[in-house]
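Heads up: the structure comes next, in structure tokens.
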Number of protein chains: 2
Amino acid sequence: MTQQEQAPSARRPRRADAERTVRTILEAAERVLSADPAASMEQIAAAAGVARTTVHRRFATRDALIDELTGWAAQRFGDAVDRARPETAPPLVALYQVTANVLEVKIGWGFAMDRAFSGDPQVAEVHTGVRERCDRLFVRARDAGVIRADADLDWARRVYYALIHEATLRPEPADTDALATLVVDTLLRGIGAGGGL
Amino acid sequence: MTQQEQAPSARRPRRADAERTVRTILEAAERVLSADPAASMEQIAAAAGVARTTVHRRFATRDALIDELTGWAAQRFGDAVDRARPETAPPLVALYQVTANVLEVKIGWGFAMDRAFSGDPQVAEVHTGVRERCDRLFVRARDAGVIRADADLDWARRVYYALIHEATLRPEPADTDALATLVVDTLLRGIGAGGGL
DNA sequence: CCTAGTTGCGACAGTAGTGTTGCAACTAGG
DNA sequence: CCTAGTTGCAACACTACTGTCGCAACTAGG
């Protein structure tokens, strides 16, 4: 967010590698940090195939790197929710679509997306924005009879988030639509037989 | 597990404070580490109200402290599941009882209980043992018509674990039975209205 | 009172990670 | 060819945490 903000050709870097290096480092950071949140800069650099000093040239501090990563993921997260039109599409459709879109981003960016409470206010805003849209969607779903009238919507949202999280951990990375179906189906029907509870 | 193993009066320590200090430290460690898994020995010592050196006297290394904590929690975890008679009680009853018992332990020992994969083989054994009993319980539940016949039991277990985890995070620490009811109800019925899915 | 067990405190060495700097080398646009 | 931008490498200072030690002080059983 703070790097490389010049217009495409306003500058003329001898090599455009720098920007690509930043991407490579961010991707490596996500991979390494999702496996071990306490991983060192050395490990991240190694995973990116660059020297540790290069990482420090692009990101002043470790926190700056993680902030950048978090902001980048938050952006994609917000966009993914937007694309699903959660405010206008029919509740059930929106629920499926939001789930599928979010899963697509969250698989591969799980570490960064779980950092909802970073210092960055912009990131916090995205996450609270998503949360609010999620809540409104659930209200619409309840009004439409998709969710039980007596459901605790706070609990519902937590369960929903948890199911999405679990879905991203599946060993076989099934396609996004299948996972979304699984999540929504589990969320709404549970795993019980319809019969006598 | 490695400390203080003499018979009650075989030894005669001038002060029995030592054993109590160990308890105090373990409780403080759980509190501090659940808030920040990377917390230092200094923070743990401060939370326990003792000097850092005292912690090191009781636990040779940081890992030893965490292993002790993990083992202690695993023991309680295994016992909690045992007491619910998950193999013999009717599936639905067992499910409720296991949930309630586990919640009671997990609230307050969440950090230690989440460490299913510590180096300690004894701890790993407890957790795999619990997992197996959970799986068998789910099979019985499915055979009894409590869980849908076409349910993916691996997914079911993950969802179940996740729901228990979420339940322990509730702001208002409602009583264990109410939480267990919430978890089991959500697991089996989801949050959807029975109607047209 | 004497003594063993325990604790706090201060000091220390060792380790691992962070962040900075200078320099040589490489590469592609001009 | 020249040069700006980039990179790797080695070195360095700095910080935080870990683990150990010795000593003085306190406390309770004998």
query: What do you get for Rg/Rh over region A:124-184 if you use C-alpha atoms and the Kirkwood form of Rh?
result: 1.02
statement: Helix A:17-35 sits off the longest principal axis of the Cα atoms of chain A, rounded to the nearest 10 on a 0 to 90 degree scale, by 50 degrees
- line: So the angle from the long Cα axis of helix A:153-168 to the longest Cα principal axis of chain A, reported in degrees to the nearest 10, equals 50 degrees
- prompt: Given the convex hull over the Cα atoms of region A:45-104, what projected area results after averaging over all orientations, in nm²?
  reply: 5.0 nm²
- prompt: Can you work out the FRET efficiency for the pair residue A:42 and residue B:40, with r the C-beta to C-beta distance and R0 = 25 Å, to the nearest 0.05?
  reply: 0.75
message: Using only DSSP helix segments of four residues or longer, with each worth -39500 (n - 2.57), what per-residue ellipticity at 222 nm results for the protein assembly as shown after dividing by its residue count and rounding to 500?
response: -21500 deg cm²/dmol
statement: Dividing the surface of the Cα convex hull of the protein assembly as shown by four yields a projected area in nm² of 24.1 nm²
query: How big is the Kirkwood radius of region A:82-172, worked out from every pair of different alpha carbons and given in Å to one decimal?
result: 13.9 Å
R0 of 56 Å, Cβ-Cβ distance residue B:178-residue A:18: FRET efficiency to nearest 0.05: 0.50
field: Degrees, to the nearest 10: B:121-143 long Cα axis against longest axis of chain B
entry: 20 degrees
message: Let me check against my output: what whole-number percent is the relative contact order of chain A, with C-alpha pairs under 8 Å and at least 6 apart?
response: 19 percent
- request: Please quote Rg/Rh for chain A to two decimal places, taking the Kirkwood radius as Rh and restricting both calculations to Cα atoms.
  value: 1.05
- line: Which residues qualify? For residue B:147, with a placed amide H closer than 5 Å and at least 5 residues away or on another chain, they are A:193, B:142
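Values quoted throughout were computed directly from the atomic coordinates according to the rules given, and no laboratory measurement underlies them. Not measured: the values here are computed from a predicted model. Here Cβ is always computed from backbone atoms with ideal geometry, including for glycine, and neighbour counts include all displayed protein chains.
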